[in-house]
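A short write-up of the structure that comes next.
The values are calculated or read from the model by the stated rules, or taken from the named source; none is laboratory data. Just so you know, these numbers come straight off a predicted model, no measurement behind them. Glycine gets a Cβ as well: all are built from the backbone with ideal geometry, and neighbour counts include every protein chain shown. These area figures cover heavy atoms from the full protein model, side chains too; ligands, DNA and RNA do not enter into them. Shrake-Rupley method; radii C 1.70, N 1.55, O 1.52, S 1.80 Å.
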Amino acid sequence: MIERRTPVQDVRRLHRRLVLQSLRDEGPQPRSDLARRLGLSATTMTKVVGQLLEEGVVVEEAAGGDGTRVGRPPTRVRLRTGARFVVGVQVGAGTVQLGLCDLTARVRRAGSFSFDPAGTPPRQVVTRIAEAVAKLVNRAGLPRERLLGIGVAAPGPVDPGHRRNVLSVNLGWRDVAFSDPLESALGVPTVVDHNVRSMALAEARYGHTGDADPLLFVYVRTGVGAGVVIGGQPFRPGTYGVTELGHLRVVEKGRPCVCGATGCLETIVSEPYLTEQLSMLLGRASARPLADLAGLAGAGDARAVPILDDLVDHLATGLASAVNLLNPELILLGGIFDTAPEQIFDRIRAALRAKAFPILRDTVRVERSSLGADAGVVGSAAVALDRLFYNA
């Protein structure tokens, strides 16, 4: 049944959104400051705050001061971050990470499981996600009425309704339903979005980015994914909202890619490729291939130097294309770059500066992800919170 709202209800809902978003982004504030910042009357602010107090999602508390004020102490409105929760789910190539997250996407409880990407049908993975979510919520003793829903960071583009993973080339998945089976099993709404776009949103909402805009998040693991946030909103171009940085062609007659093309960026810049190269150099597997490669190259290993040179050069080519097209103020690198030595970042910055359009060279920064290994879970939680709470 379609919910039909009156214009008055629409306005009230808009005011509610504005207040919640301001408390999320700016922190606790007096009612008067909220009203002034949002352009609302004192009467309207009283009504909105009163509703939120009834729902139990905000509290009013005494504001700090210098002790010289006479009369009634000022109060501030603050989000009750533990009043509602979402479960964030990041689906990777063989792993699923989960987190029970509060209204600021902070992970309160976490879980994970592994699966065989080649031998496990996607519907079985979704079933295991439902079981893992139920276990996570039950162990926390969380009443179901305080669970807003579930966010899923899917490994590839999603449908316009944010319910299905349309394609994951690295997993070989097509048209995998997440929302329908999870909602049926758990009885709460489920929102699906592209994994790296979710990470970009998480950094913009809850990371330490200095309000950089636009923001480009690049995640390197099994492949190379990218997500963009412009004006505080995730960039979703076209039907499926894809930003396939990893499938830019950077090598003529290069290695074949899982997408069917050759010479794609992720055939040179990815964990599987580096693991393969390190195995040949070291004669063993490497748990941190990028760090190990940098160590070998720094020690003057003649075999490691050209591998690292190629990685830096081709990644900088891909990033320069993104800079020239999107003009991001900040580029964050995650995945295998979470533990990369700082000298790798210095080399990427220098190579990018040489390749980017001249007037853009001094406007873009390249930094490490501020959320690190939690970026995917926080990202999926951010997607769910945006849809089910802050924009509801």
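Got a number for residues in the range 102-144 being in a helix (DSSP H, G or I) and among the aliphatic types (A, V, I, L, M)? Explain how you work it out, then say what you get.
To start, the set of residues in the range 102-144 that are in a helix (DSSP H, G or I) comprises 122-140, 144.
So of that shortlist, the ones also among the aliphatic types (A, V, I, L, M) come out as 125-126, 129-130, 132-134, 136-137, 140.
Of the residues in the range 102-144, 10 are in a helix (DSSP H, G or I) and among the aliphatic types (A, V, I, L, M).
Only residues that are free of Cβ contacts under 8 Å to residues at least 24 places away in the same chain and not in a strand (DSSP E or B): list them for the range 86-101, please.
First pass over the range 86-101, keeping only residues free of Cβ contacts under 8 Å to residues at least 24 places away in the same chain: 94-95.
The answer is GLY94, and nothing else.
Are any residues in the range 185-243 within 23 Å of GLY263 (Cα to Cα), in a loop (DSSP other than H, G, I, E, B) and of a type in the set (A, V, I, L, M), and if so, which ones?
Scanning the range 185-243 gives a single hit, VAL242.
Of (1) touching a Lys or Arg at 6+ places or on another chain (Cβ under 8 Å); (2) closer than 19 Å to VAL378 by Cβ; (3) surrounded by 16 or more Cβ atoms within 10 Å (Cβ to Cβ), VAL152 satisfies all except one. Which?
Of the numbered conditions (1) touching a Lys or Arg at 6+ places or on another chain (Cβ under 8 Å); (2) closer than 19 Å to VAL378 by Cβ; (3) surrounded by 16 or more Cβ atoms within 10 Å (Cβ to Cβ), the odd one out for VAL152 is (1).
Does VAL87 satisfy the condition of being open to solvent by less than 50 Å² (accessible area, probe 1.4 Å), in contact with a Leu (Cβ under 6 Å, 6 or more places away or on another chain), closer than 25 Å to PHE389 by Cβ and at pLDDT 95 or above?
Details: open to solvent by less than 50 Å² (accessible area, probe 1.4 Å): yes; in contact with a Leu (Cβ under 6 Å, 6 or more places away or on another chain): yes; closer than 25 Å to PHE389 by Cβ: yes; at pLDDT 95 or above: yes.
The answer is yes for VAL87.
If THR243 satisfies all but one of (1) at pLDDT 95 or above; (2) crowded, with 21+ Cβ neighbours inside 10 Å; (3) within 23 Å of the chain's Cα centre (by Cα), what's the number of the condition it fails?
(1)
Take the conditions crowded, with 18+ Cβ neighbours inside 10 Å, modelled with pLDDT of 95 or more, within 30 Å of the chain's Cα centre (by Cα) and more than 23 Å from GLU183 (Cα to Cα) and apply them to LEU53. Does it pass? Steps first, answer last, please.
Values: crowded, with 18+ Cβ neighbours inside 10 Å: no; modelled with pLDDT of 95 or more: yes; within 30 Å of the chain's Cα centre (by Cα): yes; more than 23 Å from GLU183 (Cα to Cα): yes.
Taking the combined requirement at face value, the residue does not satisfy it.
Can you tell me which of SER286, SER370 is assigned to a loop (DSSP other than H, G, I, E, B) and closer than 18 Å to ARG205 by Cβ? Talk me through it step by step, then tell me what you get.
Values: SER286 fails: closer than 18 Å to ARG205 by Cβ.
That would be SER370, the only listed residue that is assigned to a loop (DSSP other than H, G, I, E, B) and closer than 18 Å to ARG205 by Cβ.
From the list ALA291, ALA384, ALA375, ALA297, which one is touching a helix residue (DSSP H, G or I) at 6+ places or on another chain (Cβ under 9 Å), at pLDDT 95 or above and assigned to a helix (DSSP H, G or I)? It would help to see each step written out before you state the result.
Numbers: ALA291 fails: at pLDDT 95 or above; ALA384 fails: touching a helix residue (DSSP H, G or I) at 6+ places or on another chain (Cβ under 9 Å); ALA297 fails: at pLDDT 95 or above.
Being touching a helix residue (DSSP H, G or I) at 6+ places or on another chain (Cβ under 9 Å), at pLDDT 95 or above and assigned to a helix (DSSP H, G or I) holds for just one of ALA291, ALA384, ALA375, ALA297, which is ALA375.
With the condition kept exactly as written, say whether any residue in the range 288-297 is surrounded by fewer than 22 Cβ atoms within 10 Å (Cβ to Cβ) and closer than 16 Å to GLY246 by Cβ.
No, there is no match, as no residue in the range 288-297 is surrounded by fewer than 22 Cβ atoms within 10 Å (Cβ to Cβ) and closer than 16 Å to GLY246 by Cβ.
Pairs please, first residue from the range 282-306 and more than 16 Å from ILE348 (Cβ to Cβ), second anywhere and open to solvent by 20 Å² or more (accessible area, probe 1.4 Å) and part of a loop (DSSP other than H, G, I, E, B), Cβ atoms under 9 Å, 6+ apart in sequence or on different chains.
GLY295/ASP301; GLY295/PRO341; LEU296/ARG303
Each row is one residue, and each column tells you yes or no for (1) modelled with pLDDT under 95; (2) more than 19 Å from ARG361 (Cα to Cα); (3) among the hydrophobic types (A, V, I, L, M, F, W, C).
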| site | (1), (2), (3) |
| --- | --- |
| GLY254 | yes, yes, no |
| PRO272 | yes, yes, no |
| MET280 | yes, yes, yes |
| HIS314 | no, no, no |
| ILE331 | no, no, yes |
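Considering only residues that are in contact (Cβ under 8 Å) with a residue 40 or more places away in the chain and either in a loop (DSSP other than H, G, I, E, B) or not hydrophobic (A, V, I, L, M, F, W, C) (or both), which ones fall in the range 28-56? Explain how you work it out, then say what you get.
First pass over the range 28-56, keeping only residues in contact (Cβ under 8 Å) with a residue 40 or more places away in the chain: 28-31, 34.
Answer for the range 28-56, where residues must be in contact (Cβ under 8 Å) with a residue 40 or more places away in the chain and either in a loop (DSSP other than H, G, I, E, B) or not hydrophobic (A, V, I, L, M, F, W, C) (or both): PRO28, GLN29, PRO30, ARG31.
Search the range 114-148 for residues being free of Cβ contacts under 8 Å to residues at least 24 places away in the same chain and surrounded by 14 or more Cβ atoms within 10 Å (Cβ to Cβ), and hand back the single one that is farthest from GLY94 (Cα to Cα).
THR120
Within the range 157-171, is there a residue that is touching a His at 6+ places or on another chain (Cβ under 9 Å), open to solvent by less than 60 Å² (accessible area, probe 1.4 Å) and closer than 19 Å to ILE336 by Cα?
no
Among the numbered conditions (1) out of contact with any helix residue (DSSP H, G or I) (no Cβ under 7 Å at 6 or more places or on another chain); (2) closer than 16 Å to ALA375 by Cα; (3) not basic (Lys, Arg), tell me where CYS101 comes up short.
Only one criterion in (1) out of contact with any helix residue (DSSP H, G or I) (no Cβ under 7 Å at 6 or more places or on another chain); (2) closer than 16 Å to ALA375 by Cα; (3) not basic (Lys, Arg) is unmet by CYS101, namely (1).
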